[in-house]
Every structure is written in structure tokens, then in C-alpha cells.
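The structure's right below; bear with me while I get my questions together.
The values are calculated or read from the model by the stated rules, or taken from the named source; none is laboratory data. Bear in mind the structure is a predicted one, so any value in this text is a computation, not a measurement. Every residue, glycine as well, gets a Cβ built from its backbone with ideal geometry; the counts of neighbours run over all protein chains shown. Quick note on the areas: whole protein, heavy atoms, side chains included, nothing else; ligands and nucleic acids left out. Shrake-Rupley method; radii C 1.70, N 1.55, O 1.52, S 1.80 Å.
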Amino acid sequence: MTAPTRDEGIEAIRDIIKSIRIAMLITIDEQGRPKGRPMAIQQAPFDGTLWFFTAADSPKVADIVRNRRVNVSCASTSAESYLSMSGEAEVVNDRSMIHELWSPFLRPWFDSADDPSIRLLRVSVDEAEYWDTPGGKVASLLHLAKAVITGTEGSMGSNHQTVRL
């Protein structure tokens with residue numbers, strides 16, 4: 001299986017994340033330990049960059065200031081698609097972008113897009129790995145059943161791709 005081109009990788013990632021609302025953002029804390037937390041992926045079209053809202057005084061902001069390397073992982077179990085993206089994060093205070101990305105979904109954390117404590121996290125993805133099952137659960141179940149019935153190893157792992165962005 002040949003590695004996808006950058007454009008093919010971006011398109012595959014865009015297809016996977018379009019139906020995923022929450023991802024796990026993993027940063028490195030002050031002791032060098034990975035720390036994950038659920039974050040809402042903003043609905044900007046994926047072009048190699050992911051956007052998240054956060055508070056300026058959040059511990060993840062301090063983590064990113066110390067070490068910009070992050071991982072963002074997400075899954076769509078209904079589509080049997082899984083994605084792990086590595087890259088560099090940056091804390092951004094761009095008020096026009098905050099207004100552009102704002103949605104009512106954010107109201108439990110912030111009163112409005114004008115809240116002065118809002119920051120954006122921009123993650124520039126440089127590598128992604130994804131596992132996608134064409135046909136979703138039905139195809140996976142058929143592959144699994146075939147492997148069980150025939151006693152052969154299934155081809156479930158052959159759908160893994162790595163793309164450098």
C-alpha cells in the first residue's frame with residue numbers, strides 16, 4: 001500500500017473529522033508527563049490546521065507555552081475511523097478569528113465571543129496516522145467473521161495510513 005499524498009491525506013483527515021465533535025488534546029506537563037483532555041474541534045475546514053477554544057489561564061496553555069508539541073486523537077466508532085495527529089500548537093489571541101469560529105456550543109464555558117479570557121489553540125499538524133474501514137462496521141464484521149470461519153488472519157490492520165503534512 002503506497003503512502004497517500006499530502007492532498008490525499010488532508011482529504012482523508014477532513015472526511016474523518018467532519019463528523020467528530022470531540023478530540024483528545026495531549027500536551028506535555030511541567031513534569032514531562034503527557035496530559036490529555038477532551039476538546040471540541042472547531043468546524044473550520046481542515047487544511048492541515050486544527051482550531052480549539054480555551055481559556056487564557058488554562059493549564060493546557062501553560063503546557064503549550066513550555067512545549068509546543070502536541071497530539072490530537074479522535075475516533076468515530078460508528079464509522080470505524082480512528083485518527084492520531086501530531087504537530088505544534090500555538091496560543092492565539094486573534095479576536096476576528098474567535099468571532100469567526102464562535103458557536104453557541106461554547107456558551108457553557110464562555111459568555112460570548114467577546115469574553116477577554118478566550119484564546120484559540122492553533123494546531124499545525126505535521127504528521128497523521130489514520131485507520132479507516134471502508135464500509136464501516138458491516139465491513140469490519142464481515143472481515144472478522146471470515147477470519148473466524150476460515151481460521152485465517154483477517155486483513156483488518158491493512159487500512160492504516162501515515163501522512164506527513
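Let me spell it out: the conditions are (1) open to solvent by 80 Å² or more (accessible area, probe 1.4 Å); (2) under 24 Å from PHE110 (Cβ atoms), and ALA56 meets all of them except one. Which number is the exception?
Single failed check for ALA56: (1).
Let me ask something else. Scan region 61-76 for residues that are in a helix (DSSP H, G or I) and closer than 17 Å to SER124 by Cβ and jot them down.
Listed by number, the residues that qualify are VAL61, ASP63, ILE64, VAL65.
Starting from region 24-41, keep only residues that are in contact (Cβ under 8 Å) with a residue 24 or more places away in the chain and farther than 16 Å from GLU90 by Cβ, then list their pairs with residues that are open to solvent by less than 40 Å² (accessible area, probe 1.4 Å) and part of a loop (DSSP other than H, G, I, E, B) whose Cβ atoms are within a distance under 6 Å, requiring at least 6 positions of separation or different chains.
Cβ pairs passing all conditions: LYS35/ASP29.
Would region 114-122 turn up any residue that is part of a loop (DSSP other than H, G, I, E, B) and in contact with an Asp or Glu (Cβ under 6 Å, 6 or more places away or on another chain)? Lay out the reasoning, then the answer.
Keep residues of region 114-122 that are part of a loop (DSSP other than H, G, I, E, B), which gives 114-117.
Of the ones still in play, those that are also in contact with an Asp or Glu (Cβ under 6 Å, 6 or more places away or on another chain) are none.
Checked region 114-122: no residue is part of a loop (DSSP other than H, G, I, E, B) and in contact with an Asp or Glu (Cβ under 6 Å, 6 or more places away or on another chain).
Among the residues of region 64-79, is any in contact with a Gly (Cβ under 6 Å, 6 or more places away or on another chain), open to solvent by 20 Å² or more (accessible area, probe 1.4 Å) and over 27 Å from ASP115 (Cβ atoms)? Break it down into steps so the answer makes sense when it comes.
First, the residues of region 64-79 that are in contact with a Gly (Cβ under 6 Å, 6 or more places away or on another chain): 79.
When the remaining residues are screened for being open to solvent by 20 Å² or more (accessible area, probe 1.4 Å), the result is 79.
From what's left, over 27 Å from ASP115 (Cβ atoms): 79.
Looking through region 64-79, at least one residue is in contact with a Gly (Cβ under 6 Å, 6 or more places away or on another chain), open to solvent by 20 Å² or more (accessible area, probe 1.4 Å) and over 27 Å from ASP115 (Cβ atoms).
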